[in-house]
Amino acid sequence: MKVLVTGATGFLGKYIVEELTAHQYQVVAFGRNERIGRTLENDQVRFVQGDFVSYPEIEQALAGVDAVVHAGALSTVWGKWEDFYQTNVVGTENVLKACRKHAIQKLVFISSPSIYAAAKDQLSIEETEAPTKNDLNFYIKSKILAENKIKQYRDVPSVVLRPRGLFGVGDTSIIPRLLRVHQKIGMPLFNGGQQLVDVTCVENVALAIRLSLESPLATGQTYNITNDEPQPFKQILDELLQELQLEQKYISLPYPVMYGISASLEKLYQTLRITKEPIFTKYTLYLLRYSQTLSIERAKRELGYRPKMTISEGIKKYAANYPES
Ligand SMILES: NC(=O)c1ccc[n+]([C@@H]2O[C@H](COP(=O)([O-])OP(=O)(O)OC[C@H]3O[C@@H](n4cnc5c(N)ncnc54)[C@H](OP(=O)(O)O)[C@@H]3O)[C@@H](O)[C@H]2O)c1
C-alpha cells in the first residue's frame with residue numbers, strides 16, 4: 001500500500017514515516033522543506049516537495065497513492081488568523097478535494113484535543129464532547145473548522161485522530177518550551193502542579209495512525225489518543241528533570257494574576273500585530289492549571305490501540321538523546 005504523508009518533515013511526520021516503512025508500506029513524504037525531506041528518502045520513501053495550500057501541488061502528489069495521512073499543519077499557539085486559516089482549513093480542504101479526485105481509500109486527519117480546552121477540570125473526555133465552537137486561540141479555531149471540512153466531504157473515507165500532548169526525541173514544542181521557562185524562571189506551577197495531564201509518546205501516535213489506516217471500523221470515526229497514563233503534572237516534571245539531571249526548580253504562580261496578565265498581553269500583541277508569542281497565553285495557562293484527561297476506550301475497542309511505549313520509557317529515551325533531542 002502506498003501512503004502519502006503530509007507534514008512528513010515535521011516532528012510527528014518522521015515517526016509516521018518510520019512506523020509505516022517498518023510495516024512494509026511505500027510512503028510519499030510530502031512537505032516544503034527539501035533539506036529535511038531528502039533525509040527521509042530510501043527504498044520505501046520518496047520525497048515530494050510541495051505546499052498543500054496550493055491545490056495543484058497536493059493534487060499531483062496524490063496520483064497513484066492508496067491512502068493519505070494529513071499531519072501537516074500550522075501547529076503553534078500564536079500567529080495570524082490568515083495563516084492558520086490558509087494552512088489548516090484551506091489546506092485540509094485541498095487535501096480532501098484531491099482525495100476525492102483520486103478516489104483515495106482512506107484519509108487519516110490529525111486534529112487536536114486542544115479543541116476541548118476550557119477553564120475547568122475535565123476528566124475522561126469522550127470524543128462526542130467536542131465543542132462546535134472554541135475561539136480560545138486561532139489554532140483551536142482552525143482545527144475545529146478543519147474537522148468540519150472532514151465531515152462535509154462524506155464521500156472521502158476519513159478517520160480523525162486527536163492525539164494529546166506529543167513528546168519524544170525531535171520535539172520542538174512542548175518539552176523545549178517548558179525547559180526554556182525552567183531555565184529562565186523555574187517550572188511554573190499553579191495549584192502545586194496537582195492537575196492531571198494526559199500526554200502521549202510520539203511513537204504511540206504513529207502506531208495509532210497505522211492502526212487507523214488498517215482498521216475497517218475506523219472509517220467515519222474520531223478517536224482520542226493518549227498514553228492512557230494520566231498523572232499529576234508535577235510528577236511528570238519531577239521524572240523528566242531527574243532523568244535530564246536538571247535542578248528541580250519550581251515557581252508557584254498566582255493563577256488569577258497570571259490570567260489577567262496573559263489576557264492583556266494577548267490583546268496588546270494582537271493590537272500591535274506582534275508576531276512573537278507572548279510568554280504565557282490563556283491557552284497555556286489552562287494547560288498549566290486545569291486537569292484534562294481523555295477517554296481512549298473507543299480507540300482501544302475499534303482500533304485495537306494499546307500504547308507500546310510508557311511515559312517513563314519515553315522520558316528515558318528523550319533524556320538519552322538530550323540535549324540533541
Ligand atoms: N505536537 C503536539 O503536541 C500535537 C498535539 C496534537 C495534535 N498535533 C497535530 O499533529 C500534527 C503534527 O504536529 P507536529 O508537532 O509534528 O508539528 P510540526 O513539527 O510543526 O510539523 C508540521 C509540518 O507541517 C508541514 N506543513 C505546514 N504547512 C504546510 C504546507 N502549507 N504545505 C506542506 N507542508 C506543510 C511542515 O512541513 P514543512 O516545514 O516541510 O513545510 C511541518 O513540518 C499537526 O497536525 C498538529 O496540529 C500535534
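The table below gives the values:
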{"read-out": "Subset of region 25-42 (residues that are within 7 Å of the ligand (Cβ to nearest atom) and under 30 Å from Ile274 (Cβ atoms))", "value": "Gly31, Arg32, Asn33, Ile36"}
{"read-out": "Residues (among the aliphatic types (A, V, I, L, M) and outside any helix (DSSP H, G or I)) located in region 11-42", "value": "Val27, Val28, Ala29, Leu40"}
{"read-out": "Residues of region 169-181 that turn out to be part of a loop (DSSP other than H, G, I, E, B) and open to solvent by less than 50 Å² (accessible area, probe 1.4 Å), as a count", "value": "4"}
{"read-out": "In region 182-209, the residues that are part of a helix (DSSP H, G or I) and within 19 Å of Lys14 (Cβ to Cβ)", "value": "Val202, Glu203, Asn204, Val205, Ala206, Leu207, Ala208, Ile209"}
{"read-out": "Residues of region 25-40 classified as touching a strand residue (DSSP E or B) at 6+ places or on another chain (Cβ under 7 Å) and open to solvent by 70 Å² or more (accessible area, probe 1.4 Å), total", "value": "4"}
{"read-out": "Verdict on Lys97 being of a type outside the set (Gly, Ala, Ser), more than 30 Å from Pro307 (Cβ to Cβ) and in contact (Cβ under 8 Å) with a residue 24 or more places away in the chain", "value": "yes"}
{"read-out": "Hits in region 178-197 (condition: closer than 23 Å to Lys120 by Cα and within 16 Å of the ligand (Cβ to nearest atom))", "value": "Leu178, Val197"}
{"read-out": "Only one of Leu161, Leu166, Leu213, Leu196 that is open to solvent by 20 Å² or more (accessible area, probe 1.4 Å) and within 16 Å of Ala299 (Cβ to Cβ)", "value": "Leu166"}
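Yes/no matrix, rows are residues, columns are (1) charged (D, E, K, R); (2) more than 21 Å from the chain's Cα centre (by Cα):
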residue	(1), (2)
His182	no, yes
Leu189	no, yes
Gly193	no, yes
Leu196	no, no
Val199	no, no
Val202	no, no
Glu214	yes, no
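The values are calculated or read from the model by the stated rules, or taken from the named source; none is laboratory data. Small disclaimer: the values here were computed from a predicted structure and weren't measured. So basically every Cβ, Gly included, is an ideal-geometry build from the backbone, and we count neighbours across all protein chains shown. For the accessible areas, the whole protein counts, side chains as well, though only heavy atoms, and no ligand, DNA or RNA atoms are used. Shrake-Rupley method; radii C 1.70, N 1.55, O 1.52, S 1.80 Å.
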